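Here is the structure we will look at, set down as structure tokens.
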Amino acid sequence: MATTAPIVTRGLTKRYETLTAVDRLDLEVHGGEIFGLLGQNGAGKTTTILMLLGLTEPTEGKARVVGLDPARRPLEVKRRVGYLPDAVGFYGNMTGRQNLRYTARLNGLDRRDAERQIGAVLEQVGLSDRADTKADTYSRGMLQRLGIADALVKEPAVLILDEPTTSIDPFGVVEILDLLRGLVRERGMAVLLSSHLLSQVQSVCDRVGIFAAGRLIGQGSVEDLATTFGDDTSHVEVGLELGAPAEAERAAAILAGIDGVTSVAPPASAADVWRLDVQPAAEGGRVRQAVLAACAANGLTLTSLRAIVPSLDEIYRRAVVRSRVGAGTEAA
Amino acid sequence: MTAGIPAKRIRRRAVAPPSLPPAATTEPAARERRDRSPLGRPGWTVIAAKEFADHLLSARFMVLLAVLGLAAFVPLYFASSRIRELAEAASGVPAVFIALFTLGSQQIPILRVDSFVGMVAPLLGIAFAFDAVNGERSEGTLPRLLSQPIHRDDVINGKFAAGLTVITLVLTAVVGVIAGFGLLRLGIVPAASEVIRIVAWLFLTIVYVSLWLAFGLLLSVVLRRAATSALIGFGVWILVTVFGGLLVGLIAGIVAPLPAGGGPDDVLASAGLQQLITRLLPSTLYQEAALVLLDPSVTQVSTPATIGQAIAAQEQIPSLLSLDQSLLLVWPHVVALVALTVVCFAAAYIAFMRQEVRA
């Protein structure tokens, strides 16, 4: 089968005395994609990452990172994997550039290469103008960006980011996610990021894995997961320009009459939109066409029409509930 | 496609999930190769170099250098005024130059270079180690450091090496200044044996301070907060160096209280116990050894081990010990100090290796 994916795990398990932090994890992250490991605090995300870096030994199972076993060849793995730890810190008495220099030395980079590389990554994360001030004057967002620069200094094939967007303001989050997208596009790296802020990473991840109580209960693109964990309902929003209240009743009847629409929620206020539930979910596209046709035929003025992508929060909640129900049945 | 995985493994699994690719080592020779650091040199040297530079630029280095310098200079001031009198009658004094270290104020007997340095020097060890590991932990730099291609023990080895280097540097500088002061101001030229005695004392002091360094390192690994480890470290320092004697009497009193109206045997037993406890204190080991090294007229460690020795000491004609005999006398002390250092460092090392990366 020859998987050449930069990160592969098979049955990876970590048990502490009573707690199973990671339970039989099968994961694959390919080059040029961003994989989001999603889960609540304590779901086993950081433990997984530490096992991938060879910083903690798995109880069972195997991992291959850039083709190497991190438990047996940690140094070579760590040489090729850039890691941004949760709540990353830097030596406050050193400047940003000096901190990166130390990392470069620890990676055995040639002095001249290191300087060039440090300049390039600082430019990339937008810290060039602050690179020569002490790190203890940096804001949390700047530290996070310096952390990404720090992980990039060694020109890694794989980038692992633990909670890269926590404790950063929304504007900074957008910046960091844009930066990651750009990096993957330019360098074709494999990126594994963990987060508990689902909606933030929804936009940036190609695929996500949902983690709960140490188990990966679902993985795939957000759309795939929506199909897997949804109740086979898709949603359509319809904006209509209506005059008299009687017209609203007529509109409701027309919308409800479309084949596949199971319920119609009228707008709460005049500026709001109508919400349609559609079953089965695959009918969403056809229903949108039908809405357009029905409006045209009945002289209703459309202001908007769009399909609602389910939010990751919603999917996550459903997935966790479902896995709990499943576990409950197993136990019984 | 399962070439890299032993056949036994496959058989053990009833339902084999898609197998892993073999670890990317195609040639057998490459597979045998051990995990190697990408650095041309060992990882601990990079860490030691950074830590060393940090220490030299730190405020605590300046402060400690000043404190230790002062601790050496004040008694030196008294010694230099008295040494002239001694030099007048030089024929009777065996080692004039070395007296710089052992002479002090006549009024305050503790005001001597050797005992001052012995008291203050442990500060160096604790100050350069108490936040070595927990400081990195609380700053959030430890996971980042450990995710670099270095072995985990490189961190603790590098930090110990850096601390040891700084300590050596500071102590050598202080001793050098004292010796230089003696040469310049007093015009006394040391004999070769005196130079060796001073170097041996310097070495002894470095070993003693590295014990405190290892102790500080242990605290910094075991305790989560740097403030706590500093407090405990300095507390132990004061307890041992200042209240060491009181402590010994206290422990002996608790373990084997002297019965009321006890005979000479009871008193002797109590004294023996106190002596045993004293021997276990690193400060005693250091002070005894330092005294022997710096003063050739000291022919035995301060407390005789047996009654026979005590009697022999009384009957002995005052004489001077040659250098090799002095060294022989303090050898057990040096070994004990080195052993204590090794134990402390090993404890710190093991604790650090077993700790989880996450705080």
**OP:** Just give me the residues in the range B:187-239 being free of Cβ contacts under 8 Å to residues at least 60 places away in the same chain and either among the hydroxyl-bearing types (Ser, Thr, Tyr) or in contact with a strand residue (DSSP E or B) (Cβ under 6 Å, 6 or more places away or on another chain) (or both), in sequence order.
**Re:** B:Thr228
Subject >> Subset of the range A:242-270 [touching a Gly at 6+ places or on another chain (Cβ under 9 Å) and closer than 15 Å to A:Leu305 by Cα] >> reply: A:Pro267
Subject >> Scope the range A:92-104; condition among the hydroxyl-bearing types (Ser, Thr, Tyr) and in contact with a helix residue (DSSP H, G or I) (Cβ under 6 Å, 6 or more places away or on another chain); matching residues >> reply: A:Tyr102, A:Thr103
Original post:
Exactly one of (1) under 21 Å from B:Leu145 (Cβ atoms); (2) in contact with a strand residue (DSSP E or B) (Cβ under 6 Å, 6 or more places away or on another chain) is unmet by A:Asp132. Its number?
Top reply: (1)
Original post:
Does any residue of the range A:6-26 turn out to be more than 7 Å from chain B (Cβ to nearest Cβ), closer than 24 Å to A:Asp178 by Cα, part of a loop (DSSP other than H, G, I, E, B) and within 26 Å of the chain's Cα centre (by Cα)?
Top reply: yes
**OP:** Can you work out which of the residues in the range B:318-358 that are within 14 Å of chain A (Cβ to nearest Cβ) and outside any helix (DSSP H, G or I) is modelled with the highest pLDDT?
**Re:** B:Gln355
Subject >> Residue list for the range B:182-204, filter: of a type in the set (Val, Ile, Thr) and either at positive phi or part of a helix (DSSP H, G or I) (or both) >> reply: B:Val195, B:Ile196, B:Ile198, B:Val199
**OP:** Would you check if there is a residue in the range B:127-142 being touching a residue at least 24 places away in the same chain (Cβ under 8 Å), closer than 18 Å to B:His55 by Cα, more than 14 Å from chain A (Cβ to nearest Cβ) and part of a helix (DSSP H, G or I)?
**Re:** yes
**OP:** Identify the residue in the range A:27-38 that is in a strand (DSSP E or B) and of a type outside the set (Gly, Ala, Ser) and, among all such residues, is nearest to the other protein chains (Cβ to nearest Cβ).
**Re:** A:Glu28
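Residue-by-condition table, conditions (1) surrounded by fewer than 20 Cβ atoms within 10 Å (Cβ to Cβ); (2) of a type in the set (Lys, Arg); (3) at pLDDT below 90; (4) over 20 Å from the mean Cα position of the chain (by Cα):
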| position | (1), (2), (3), (4) |
| --- | --- |
| B:Ile150 | no, no, no, yes |
| B:Gly158 | no, no, no, no |
| B:Ala161 | yes, no, no, no |
| B:Ile167 | no, no, no, no |
| B:Phe181 | yes, no, yes, yes |
| B:Val189 | yes, no, yes, yes |
| B:Glu194 | no, no, yes, yes |
Subject >> So A:Leu146, is it buried (at least 24 other Cβ atoms within 10 Å of the Cβ), modelled with pLDDT of 90 or more and not in a helix (DSSP H, G or I) >> reply: no
Subject >> helices (runs of 4 or more DSSP H) enclosed by the range A:39-139 - at least 2 residues per element that are more than 12 Å from chain B (Cβ to nearest Cβ) >> reply: A:96-106, A:111-124
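Each row is one residue, and each column tells you yes or no for (1) at pLDDT 90 or above; (2) crowded, with 17+ Cβ neighbours inside 10 Å; (3) in contact with a Leu (Cβ under 8 Å, 6 or more places away or on another chain).
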site: A:Met1; (1), (2), (3): no, no, no
site: A:Thr4; (1), (2), (3): no, no, no
site: A:Thr9; (1), (2), (3): yes, yes, yes
site: A:Glu17; (1), (2), (3): no, no, no
site: A:Thr20; (1), (2), (3): no, no, no
site: A:Glu33; (1), (2), (3): yes, yes, no
site: A:Gln40; (1), (2), (3): no, no, no
site: A:Leu53; (1), (2), (3): yes, yes, no
Original post:
Which of the residues belonging to the range A:233-253 are under 13 Å from A:Thr301 (Cα atoms) and not in a helix (DSSP H, G or I)?
Top reply: A:Val238, A:Gly239, A:Leu240, A:Glu241, A:Leu242, A:Gly243
Original post:
Does the range A:105-123 contain any residue that is without any contact (Cβ under 8 Å) to a residue 40 or more places away in the chain, in contact with a helix residue (DSSP H, G or I) (Cβ under 6 Å, 6 or more places away or on another chain) and more than 24 Å from A:Val184 (Cβ to Cβ)?
Top reply: yes
**OP:** Identify all residues within the range B:21-44 that are in a helix (DSSP H, G or I), more than 10 Å from chain A (Cβ to nearest Cβ) and at pLDDT 50 or above; write none if there are none.
**Re:** B:Trp44
**OP:** Report yes if some residue within the range B:149-172 is more than 14 Å from chain A (Cβ to nearest Cβ), within 24 Å of B:Leu103 (Cα to Cα) and not β-branched (Val, Ile, Thr); otherwise report no.
**Re:** yes
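The values are calculated or read from the model by the stated rules, or taken from the named source; none is laboratory data. The structure displayed is predicted, hence computed values, not measured ones. Backbone-built Cβ (ideal geometry, glycine too); neighbour counts: all protein chains shown.
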